[in-house]
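Single-structure report; data block below.
Please treat every number below as a calculation from the coordinates, not as lab data. Worth saying up front: this structure is predicted, and the values here are computed from it rather than measured. Counting neighbours? That spans all protein chains shown, and the Cβs are built from the backbone with ideal geometry, glycine included.
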Amino acid sequence: MRGRRGTATVAVLAALLAGAAAAQEPAPLALGEAERLAYAADPRLRQLELEAAASELRLADVAAERLPAITVGAEALAQSESVEIPFDPPGGAAPPEAPTETVDAHVQLERALLDPTRAARIAAERARLAEARARIETAVAGLRREVDEAFFAAALVQERAARLATAIEDLEARLREAELRVAEGVALPSEAAAVEAEILRLRQEAAELAAGRRAALERLGLLVGRPVGSAEALVLPDLGAAVAAARER
C-alpha cells in the first residue's frame with residue numbers, strides 16, 4: 001500500500017509540474033499581432049495623437065472668438081474723512097454728509113463684428129495638422145516592412161531548425177544501427193564515421209541558424225516593444241485563401 005501511495009504521489013507531482021511548465025510557455029506570436037504591437041510601441045504615433053489634440057484646442061480657441069466677451073469689474077474706495085459741504089441748506093436743515101465708502105461695479109460686453117483673419121487662421125491650422133500627419137505617417141511607413149522582415153527571418157529559421165532537428169534524430173538512429181553493425185562485423189567503420197560526420201555538419205548548421213534566429217528575435221523585440229524569447233513560437237499567416245482569391249479574379 002505504501003509503495004502504491006508513493007507512486008500515486010509522484011504521478012500527481014509530475015502532472016502538476018507538467019501543468020506548470022505548460023502554463024509558463026509563451027503564447028504563439030502571429031504576424032498581425034506583431035505589427036499591432038509595433039505600432040502601439042512606436043512613440044511617433046503617440047506624437048500624432050498629441051498634434052491632433054493640440055490642433056483641436058487651437059481651432060476651438062479661434063471658434064470661441066465669435067462669442068461675446070463679458071468682463072465684470074468692481075472697485076471699492078474707503079476714505080478716512082468725508083468732504084464737508086461749505087454752505088448751509090435753506091430752511092435750517094442739516095447739510096448732507098458725503099459718504100466715506102463707495103463701491104463701483106460695472107459689466108462690459110464686447111463682441112467682434114468682423115475678423116477677416118479668422119478664416120485664414122483656421123485654414124493655416126488645418127494645413128499645419130495635415131503637414132504634421134503626413135510627416136509622421138511617412139516616418140512610420142517603413143515600420144511594417146521592418147516588422148515583416150524580422151518576423152519572417154525568425155520564422156523561416158524556426159521552420160528550417162525544426163527540419164534539421166528531425167534530420168539529426170534520423171541520422172542518430174542510423175548511427176546507432178551502423179555502430180551495431182560494425183560491432184557485429186557486418187559493416188565497415190567508415191560507414192558509421194560518414195553518418196557521424198553528417199550529424200556534426202547538421203549540428204553546426206543548426207547552431208548557425210540558432211544564432212541567426214536570436215538576432216532576428218532581438219530585432220523583432222525592439223520593434224514590438226517587448227522581448228521575444230527563443231521559446232516563443234512564431235505563427236506564419238495562412239496565405240492559401242489570399243492566393244485562391246487572387247487566382248479567381
**Item:** Ordering of 215-223, 100-108 by packing [mean C-beta count within 10 Å, highest first]
**Value:** 215-223, 100-108
**Prompt:** For L234, which sequence-distant residues (separation of 5 or more, or a different chain) have an amide H within less than 5 Å of its own amide H, given hydrogens modelled in the peptide plane?
**Reply:** L29
**Request:** Please get the size of the charge dipole for the stretch 150-246, origin at its Cα centre, with Cβ charges of +1 on Lys and Arg and -1 on Asp and Glu, quoted in debye to the nearest 20.
**Result:** 480 debye
**Request:** Run the quick spin-label model on V103 and A54: label points 7 Å from Cα toward the beta carbon, then report their separation in nm to one decimal.
**Result:** 4.5 nm
